[in-house]
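Okay, structure first, notes after.
The values are calculated or read from the model by the stated rules, or taken from the named source; none is laboratory data. Please read all numbers here as calculations on a predicted model, not as lab measurements. Quick reminder, even Gly has a Cβ in these numbers, built from the backbone with ideal geometry, and neighbours come from all protein chains shown.
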Amino acid sequence: MEEKIKISLSKELLDLLKKDCEDFKITKPNGNTNFNSFLNLLISNYYEAFTAKEETLHDDIRSAIAVVPSYYREKVFSDVVKLFAKQNYSVSEKHCGTTVSFKPTKISEKAITYINQTILKDESLSSFYRRLFVSYSKSTKNEREKIIHKENYELLQKSMKKGVQVCILLNSKEVLNATSVFSVTPAKDELFNYVLAFREKQNYTLRLASIHSVTLLSAKASIPEENRTLFERQVSCAAQYPMYNTDDEPIKVQLTEKGKKLFNKIYLYRPTPIQIEGDIYTFNCSANQLLYYFERFGDSALILSPKKLGIFMRNYYYFALKKYKSVYKAD
């Protein structure tokens with residue numbers, strides 16, 4: 001499969017695909033992004049789901065036009081399918097100003113052979129792949145990440161279903177053997193997926209995209225209750241922020257009126273309060289999540305307890321102030 005395939009895409013769609021390639025860590029040995037490999041993975045991992053969606057749609061359309069006389073039925077069916085494609089997949093020429101080409105590899109050989117021999121009829125290769133890519137782009141980012149890393153995601157799910165340990169090889173070449181998987185959970189902002197796993201008395205939080213390979217083992221998975229409880233709290237608060245044994249008491253933050261407005265406005269990484277009493281907000285999240293979120297509030301938020309977090313934030317602002325004073329002298 002040496003011949004390159006050329007596809008016309010909108011610039012916005014091409015930018016999204018390239019950003020996913022970078023964010024989902026599809027790289028060459030030298031660390032640079034490997035867009036050709038990314039497109040081959042996308043096709044290989046998504047074509048079955050995409051064609052299944054199309055078949056379901058076609059069945060629904062045929063059912064809806066069953067009342068049309070048989071003489072006109074195929075023409076009506078074809079027109080409706082084309083209209084749907086234009087409106088839902090943005091496949092008209094005005095949306096296709098950029099051409100991208102990729103070289104099929106062994107990764108996508110099975111998929112491309114099936115597409116060429118079974119699916120394509122009165123449609124060009126470029127049109128089909130364009131619709132497939134547009135359909136992919138309509139999924140949330142965490143769902144797109146699961147598509148690109150389909151094999152590892154499904155193996156992790158299988159390990160939890162069978163209750164067995166796994167051996168995880170990370171992109172960094174680190175090996176996590178005899179690992180028990182608690183969950184594969186998306187961040188609440190729906191950006192990325194996080195693998196929560198236990199190994200040798202320690203909880204791990206891993207990006208799905210940071211995993212190179214997963215191997216199922218025969219040993220039974222086991223997560224101590226204390227560690228499982230921490231994972232449950234982590235999932236309920238923010239999967240990307242590990243929860244530690246030191247995160248053992250509620251965190252109280254006092255917000256000014258401006259702080260309340262900022263809290264309602266700044267959604268990304270926002271912790272969920274378990275109680276609000278006037279201007280006092282109480283949280284049960286990890287210290288790292290809370291510090292990262294509220295460091296943007298300045299004097300609009302004050303950590304009341306635990307004391308160690310209040311001191312940490314005080315020092316954070318103190319050294320920032322000291323640096324600014326060294327650059328911007330008082331008049």
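If you go through region 274-321 and keep only what is among the small types (G, A, S) and touching a residue at least 24 places away in the same chain (Cβ under 8 Å), you end up with S286, A287, S300, A301, S305. Which of the residues that make up region 108-162 are among the aliphatic types (A, V, I, L, M) and touching a residue at least 12 places away in the same chain (Cβ under 8 Å)? A111, I112, I115, I119, L125, L132, V134, I147, I148, L155, L156, M160, listed by residue number. Criterion applied to K146, K110 was being in a helix (DSSP H, G or I) and either modelled with pLDDT of 90 or more or under 26 Å from D189 (Cα atoms) (or both), and the one residue passing it is K146. Report, by residue number, each residue of region 270-298 that is surrounded by fewer than 13 Cβ atoms within 10 Å (Cβ to Cβ) and over 33 Å from the mean Cα position of the chain (by Cα). Passing the criteria: E277, G278. Identify, by number, the condition in (1) part of a strand (DSSP E or B); (2) surrounded by fewer than 21 Cβ atoms within 10 Å (Cβ to Cβ); (3) of a type in the set (A, V, I, L, M) that I223 doesn't meet. (1) is the only condition that I223 fails. Report yes if some residue within region 227-243 is loosely packed, with under 12 Cβ neighbours inside 10 Å, part of a helix (DSSP H, G or I) and at negative phi; otherwise report no. No, because not a single residue in region 227-243 is loosely packed, with under 12 Cβ neighbours inside 10 Å, part of a helix (DSSP H, G or I) and at negative phi. Here is the figure for region 187-218: residues that are among the basic types (K, R), in a strand (DSSP E or B) and more than 10 Å from the chain's Cα centre (by Cα) total 1.
The set of residues in region 251-268 that are surrounded by fewer than 14 Cβ atoms within 10 Å (Cβ to Cβ) and touching a residue at least 40 places away in the same chain (Cβ under 8 Å) comprises K258, Y267, L268. Taken together, the residues in region 273-299 that are in a strand (DSSP E or B) and of a type in the set (F, W, Y) amount to 2.
Of the residues examined, L196 is not one that is surrounded by fewer than 17 Cβ atoms within 10 Å (Cβ to Cβ) and either modelled with pLDDT of 95 or more or not basic (K, R) (or both).
Among the residues of region 155-188, those that are over 22 Å from N227 (Cβ atoms) and touching a helix residue (DSSP H, G or I) at 6+ places or on another chain (Cβ under 9 Å) comprise N171, S172.
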